[in-house]
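Here is the structure we will look at, set down as structure tokens.
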Amino acid sequence: MLISSYSYLDLDGLDLSAQFTYFTSFLRNWDTLDVRPKAKGVDTRQELLKFYEDKYSANLMHLVVYSKESLDKIQCLVEDKFQEIRNSDRSRFQFPGQPCTSEHLEVYRAVMLPMHHHLMFVTVLRKERILFCKILVRAVPIKQGHKLRIVWPITPSILHYKEGPCRYLGHLIGHEGEGSLFYVLKKLGWATGLSAGEGEWTSEFSFFNVVIDLTDAGQDNMQDIVGLLFKYIQLLQQSGVCKWIFDELSAVCETGFHYQDKISPIDYVVNISSNMQIYPPKDWLVGSLLPSDFNPAIIQKILNELSPENVRIFWESKKFEGLTDKVEPWYGTAYSIEKVSSSKIQAWMSSAPNENLHLPAPNVFIPKDLSIKNAQEEVKFPVLLRKSSYSKLWYKPDTVFSTPKAYVKIDFNCPHARNSPETEVLGDLFARLLLDYLNHSSAYYAQVAGLLYGISHTDSGFEVTLVGYNHKLRILLETIIDKIVKFEVKPDRFSVIKEMEIKDYQNFKFQQPYQQAMYYCSLILKDQTWPWVERLDVLPHLNVEDLTNFAPMMLSQAFLECYIAGNIEREEAESMVQHVEDVFFKGPNPICRPLFPSQFLTNRVVKLERGMNYCYSKEGLNPSDENSALVHYIQVHQDDFILNVKLQLFALVAKQPAFHQLRSVEQLGYITVLMQRNDSGICGVQFIIQSTVKGPAHIDSRVEAFLKMFENKLYEMTNDEFKSNVNALIDMKLEKHKNLREESRFYWREITDGTLKFDRREAEVAALKKLTQQELIEFFNENVKVGATRKKTLSVRVHGNQHLAEYHSQKSEAVQPNTIQINDIFSFRRSQPLYGSFRGGIGYVKL
């Protein structure tokens, strides 16, 4: 059962990135809510209590209960839990007024500026006098890259949510098909991404945003880009509001709503309770998801507001360093502001290139056949439907979700894609370029229609993924296969994609220290992986010819691992794979040849020695970052149902005490997490802590101190507490997959790891029911307890600028008994034994 009315913040439930964001926000909020109010003689607590007395009232709240219980029982529960909330009959909050006018006004307003630690925009309340309209803000980000954000204040579309004016305009301005603004900018080599739509809004005011990720060439042609944007807006004005485009959007939205994937109950109740604050009761479940009333006048009204008269342009680039005259106080972002006249923007339009901008074509990928096919047999788990020397097909018809959707995954296992850092980078360039070409083709229309696709680089080649409505899925698959077969390297797009990849690698050093520590941990443990610095070293020297030669070599030998699930009959699934085989392996001049048994690639993991502690220390990559981080990893076993549940139960029981002791009591770091780790079936547990107050070595010692303290908790656990924890873990395992995508990812993990334990959850529940408390204690004593003879520990320490003295002093310290200091990752990795892989060839037989 889940209830949503208001929420509290549970940091332990947040992922690491969310915890860091909350922490940085906390530091700024402390200044806002404590330091500054005190300077003005304001008691923040009293103001909060006053706000509570004025605004906390039942008539302003909305409650959603999600439960399998009867309505009568739910009503009794609600009355019992919520009847004490007083109803003071308060009026709804109102914040009238417009933040943007054509005059200088002194107001509290939302200033959108880049965060100091992330390449993103945040909203900060500030009081200042500024000309809101027709301004250009230049800002200096931390990361490499250029971004252009064009913003207009508009009439809030929430006032016209049935007409969907911003959805209509965002669809057209953000379109990526031929003739669109983004299509033209990509062809010119000026942009790598574009999005458009309504941003921040209230019932009083709103903003329409166009965000463009620029290439270096685009950075040099900002004025032409803005000019082309206004040319496209002018095209929309001249073309008028098209009913056929609105009808297409309405059809896509309606199909998407009726066949939407089920989401987690907690997200669902939060969404509905939020809708209840905004929409009339008849639209609580729908919100603004179904634009159904075609009203050209309303759409035209919003379109008229996207004019040069009230535009604001935010432009960020590292190239502005030293060229700004202001510093934003919250994150120290350097920026400058200048006025931009309407006549100047008109001049940009006049000088912009004459490109063939036009409206999109009708979308042929919108599904018409949404019928549900009867599964020919009740199949609970994936079955091996087809196997040859070229491919293997796993098949799982939908017997649970009853939606007209399918999931297709094809893994191209290519041994020539993994020989060196160079082939690693070339494989990534291949996948990125292929996806770029698809986005530039008719395949983009499939995404608009709810049929998604992806091309991703893997350790052994690349993967093709399709998920969405099954009606036109075969057409899309054949389009993608055709693009792979006819792959050619276009010099202009190669340059853009290469530039993007270089910036991605350069920005690696701005990752948080805990992310760096996790990266080093993976680099130490996973065989045949290449460090990012080596990939960055080779990348600038690669050219069109290198990729042109690499692509056919990579595809010259391959094995295809296929998974097809959902609303697809077995004959259709077999036919799809047969088509792919025919294209790649058959014919007079086949592109691919099958692999020899010795060529099948596997993911191998370093097997740490029992009773040993391994330590790897490194300076943080960002010299201005004060944070240090520790990953304390305990490697336990290779996939086994009984050992799995013991490890999982330990992690469940220890998670909250670890968080409480290490973060709340000792305050070692705001990011403090205990979580399981699984590397290709090699299971363990890891502590992840990031801190400014203590160095990694000290934190490491406190982790071991916690484990010593936890022994007593484990020994003193009552039988009822043990059963309660076991039942909680069983409930987690028995939770059903919410949608086809979630189910498919679960089974695909079994396939890629080679474990093939499709009944994992049922088998582990059976093992849990037999587990005794004494067995859990013995597992802890053998594998986790400090000093255990079987224990295998790897500590990865990343030192921020506050703890560099500790880092340098450790180099001269004597190594503790049973401890190995790792100085060179690759020398260490070569010297260690590896776990056997579950993937042993075509039949996954371990040799």
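The values are calculated or read from the model by the stated rules, or taken from the named source; none is laboratory data. It should be emphasised that the depicted structure is a prediction, and the values quoted were computed from it without experimental measurement. Heads up, the Cβs are rebuilt from the backbone with ideal geometry, glycines too, and the neighbour counts pull from every protein chain shown. All accessible areas refer to the heavy atoms of the entire protein, side chains included, with ligands and DNA or RNA removed. Shrake-Rupley method; radii C 1.70, N 1.55, O 1.52, S 1.80 Å.
Summing +1 for each Lys or Arg and -1 for each Asp or Glu, what net charge is found among the other residues whose Cβ lies under 12 Å from the Cβ of residue 342? Once positives and negatives cancel, what remains is +2. When peptides 259-271, 749-761, 389-401 are ranked by their average number of other Cβ atoms within 10 Å per residue, the highest-first order is 389-401, 749-761, 259-271.
Can you bin the chain into rounded, prolate or oblate? Criterion: square roots of the alpha carbon gyration tensor eigenvalues sorted a ≥ b ≥ c, rounded for a/c under 1.5, prolate for a/b above b/c, oblate for the rest. Can you show the working numbers first?
Numbers: a/c = 1.34, a/b = 1.15, b/c = 1.17.
Rounded, because the longest to shortest axis ratio a/c is under 1.5.
Calculated accessible area for region 226-301 comes out at 49 Å² per residue, all protein chains present (probe 1.4 Å; ligands, DNA, RNA ignored).
Here region 383-594 carries DSSP beta bridges of which approximately 80% are antiparallel, counting only pairs with both residues inside.
Work out how much length residue 527 to residue 235 would gain on full extension: take 0.36 nm times their residue separation and subtract the Cα-Cα distance, in nm to one decimal.
Working: separation 292, 0.36 × 292 = 105.12 nm, distance 5.46 nm.
Taking 0.36 nm per residue and subtracting the Cα distance, the gain is 99.7 nm.
When the pairs 392/733; 262/373; 655/723; 319/509; 392/483; 186/318 are compared against a 27 Å limit on Cα-Cα distance, 392/733 fall above it.
Cross-link partners of residue 736 among aspartates and glutamates, defined as those whose alpha carbon lies under 19 angstrom from its own and excluding same-chain residues fewer than eight positions apart: 69, 261, 267, 378, 398, 750, 759, 762, 764.
Compare the peptides 810-816, 556-562 by average per-residue count of other Cβ atoms within 10 angstrom and give them in order, highest first.
Values: 810-816: 9.7, 556-562: 20.7.
Per-residue Cβ counts within 10 Å, averaged per peptide and sorted highest first, yield 556-562, 810-816.
Accessible surface calculations at 1.4 Å, restricted to protein heavy atoms, place region 365-463 at 34 Å² per residue. Leaving out ligands, DNA and RNA, and with a 1.4 Å probe, what % of the accessible surface on the chain is carbon or sulfur? In the chain, the share of accessible area belonging to carbon and sulfur is 51 percent. Convex hull volume of the Cα atoms of region 741-816, normalised per residue: 206 Å³. Extension gain, residue 506 to residue 819, is 109.3 nm, computed as 0.36 nm per intervening residue step minus the present C-alpha separation. The residues of region 606-835 expose on average 44 square angstrom of accessible surface per residue, using a 1.4 Å probe on protein heavy atoms.
Taken along the Cα-to-beta-carbon direction at a fixed 7 Å, the label points for residue 736 and residue 76 span 2.6 nm. Using a cut-off of 19 Å between Cα atoms, the listed pairs 607/770; 607/792; 147/301 include 607/770; 147/301 as exceeding that distance. In the structure displayed, which of 486/526; 472/586; 646/694; 344/490 lie more than 27 Å apart, Cα to Cα? Violating the 27 Å limit, Cα to Cα: 486/526; 646/694; 344/490.
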